[in-house]
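Here the structure is laid out as structure tokens; the discussion comes afterwards.
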Amino acid sequence: MKIGIGSDHGGFELKEHIKEYLEKNNIEYVDYGTKGKDSVDYPDFGKAVAEGVIAGEVERGIVICGTGIGISIVANKVKGIRCALCSDTYSARMSMEHNNANMLALGGRVLGVDLAQEIVEVWLKSNFQGGRHERRVNKISALDC
Ligand code: RB5
């Protein structure tokens, strides 16, 4: 599975940690930036990763800003994206099993590195359950315009 990852300056350090985790686990990724700690605008990076997911450049996306809020709002504006902002592993699992979330958002100023890594690990290992959840996700997709 190839992952797209992106952040603003508020999520930069956590992004670098998550990249290390992906490398250690032989998970391919594309880094959509930002490339350093200079102040940037999170919409640019949320949009880039979301468009990468929709274009099929990557299968799933991980986006990080200070809280994870702004960058998840941006990602969810892109047609076909279901981006889940998670601060715990249960929500991360449910976001895949029930919501088929194709993107995960994290708060770089909210989460410790170890918890963030566990959230990513659980999310990557989880799969959509389909069934009644498919009907509900289809109702979300019907709102895309
Ligand atoms: C940047 O200071 C901060 O606003 C951003 O990282 C994010 O938390 C926005 O939601």
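Helical runs (DSSP H, four residues minimum) scored at -39500 (n - 2.57) apiece and divided by the length of the chain put the mean residue ellipticity at 222 nm at -14000 deg cm²/dmol. How tilted is helix 42-55 with respect to the longest principal axis of the chain? Cα atoms for both, answer in degrees (0 to 90, nearest 10). The helix 42-55 is inclined about 50 degrees to the chain.
Sequence-distant contacts, meaning Cα pairs under 8 Å at least 6 residues apart, place the relative contact order of the chain at 24 percent.
Full extension of the chain between Tyr90 and Glu118 gives 9.0 nm of extra length, using 0.36 nm per residue less the Cα-Cα distance. Ordering 81-89, 110-118 by mean Cβ neighbour count within 10 Å, with the highest value first, yields 81-89, 110-118. Taking the chain as the reference, fit the longest principal axis to its C-alpha atoms, fit the long axis of helix 132-141 to the helix C-alpha atoms, and give the angle between the two in degrees, 0 to 90, nearest 10. Taking the Cα atoms of the chain, the angle to 132-141 is about 70 degrees. Ignoring lysines fewer than eight residues from Lys125 along the same chain, the ones with Cα atoms less than 23 angstrom from its Cα are Lys2, Lys15, Lys19, Lys24. Could you state the angle between the C-alpha long axis of helix 113-125 and the longest principal axis of the C-alpha atoms of the chain, as a value from 0 to 90 degrees rounded to the nearest 10? Orientation of helix 113-125: about 30 degrees from the principal axis. First measure r as the distance between the Cβ atoms of Cys145 and Glu97, then evaluate 1/(1 + (r/R0)^6) with R0 = 22 Å and state the FRET efficiency to the nearest 0.05. The value I calculate is 0.25.
The residue list Ala101, Gln117, Leu143 was ranked by how far each Cα lies along the charge dipole of region 92-145 toward its positive end, using unit charges on Cβ atoms, and Leu143 comes out on top.
Peptides 91-101, 127-137 ranked from most to least packed by the mean count of surrounding Cβ atoms within 10 Å: 91-101, 127-137.
Quick note: the coordinates plus some simple rules give every number you see, no bench work behind them. These numbers were taken from a predicted model, which means no experiment stands behind them. Because the Cβ atoms are built from the backbone with ideal geometry, glycine has one as well, and the counts that use them run over all protein chains shown.
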